[in-house]
């Protein structure tokens, strides 16, 4: 049975005592998030680094932003790293998964936390709720966040790709992951050795890809989830969600052995009112297999 926690169970004071020499890195992948990234960074810096040093390292991976994302993040106290400058020999295309993979490479914490940069009113409890179970339970490898979402001011809406694509796909092909409330949530944490041992799927496939691969190698019982409360962020128009849903479908078929097992694997998203859109499933190798990473580890 997959264990569940609540972020309110983990205070900064308690986790500071529970660290026992272990270090925590927070990674914020970001692209064109100038309106929100500064406040997210400031909350983590002020509450979880300066006041209570639960977090030892805070890095924003700027994935080719065309706005002031990097400037806002640096001003608020993060170390900003340009995604394209990290392991460029493995490709420089944009994508959440690629940025997350590079983030693991440039950080050093024993526990690595990922949070999205577009959250409005970001609470420090998000980080505490993800780190806490890993500090308290040595048998846990991976913690996924879930939360209440709102859409256009109405509670209980949002998560359209989750409900219309990811959840049916999981139910059919990966039912052991069905207890996860929000498998595509961008907030999660894991032990460094776990993240260095699995590939990172490019783009929006990274969240589900990590869950499938971690469960396959360490078992579903190594994964827990934590209720983070409420999350407010921008919601994309439906037209933007087709490519994301297609990557999720490509990934699920790939991991289930029902489609191409080599990457990159490209397909065309065919829409009657727009030109065909190439959607390519790519992935980065486990960092433990990357020579440049082994030299810095």
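Does residue 50 satisfy the criteria of being touching a helix residue (DSSP H, G or I) at 6+ places or on another chain (Cβ under 9 Å), over 20 Å from residue 104 (Cα atoms) and surrounded by fewer than 16 Cβ atoms within 10 Å (Cβ to Cβ)? Judged against the criteria, residue 50 is not a match.
With the requirement that a residue be in a loop (DSSP other than H, G, I, E, B), over 21 Å from residue 142 (Cα atoms) and in contact (Cβ under 8 Å) with a residue 24 or more places away in the chain, what does the range 157-178 give you? Write out each step before concluding.
From the range 157-178, those in a loop (DSSP other than H, G, I, E, B) are 157-159, 174, 178; that's our starting set.
Now narrow it down to the ones that are over 21 Å from residue 142 (Cα atoms): 157-159.
Answer for the range 157-178, where residues must be in a loop (DSSP other than H, G, I, E, B), over 21 Å from residue 142 (Cα atoms) and in contact (Cβ under 8 Å) with a residue 24 or more places away in the chain: 158, 159.
Residue check: residue 240 meets all listed conditions (1) out of contact with any strand residue (DSSP E or B) (no Cβ under 7 Å at 6 or more places or on another chain); (2) touching a residue at least 12 places away in the same chain (Cβ under 8 Å); (3) under 20 Å from residue 99 (Cα atoms) but one, namely (2). Within the range 244-297, the set of residues being surrounded by 13 or more Cβ atoms within 10 Å (Cβ to Cβ), over 23 Å from the mean Cα position of the chain (by Cα) and farther than 25 Å from residue 87 by Cβ comprises 259, 267, 269, 277. Within the range 179-192, at least one residue is within 18 Å of the chain's Cα centre (by Cα), assigned to a helix (DSSP H, G or I) and surrounded by fewer than 22 Cβ atoms within 10 Å (Cβ to Cβ). The numbered conditions (1) farther than 27 Å from residue 127 by Cα; (2) in a helix (DSSP H, G or I); (3) modelled with pLDDT of 90 or more are all true for residue 221 except (1). The set of residues from the range 71-103 being surrounded by 19 or more Cβ atoms within 10 Å (Cβ to Cβ) and assigned to a helix (DSSP H, G or I) comprises 72, 73, 76, 83, 96, 97, 98, 99, 100, 101, 102, 103.
The values are calculated or read from the model by the stated rules, or taken from the named source; none is laboratory data. Keep in mind it's a predicted model, so treat the numbers as computed, not measured. As a convention, Cβ positions derive from the backbone with ideal geometry for all residues, glycine included, and neighbour counts pool all protein chains shown.
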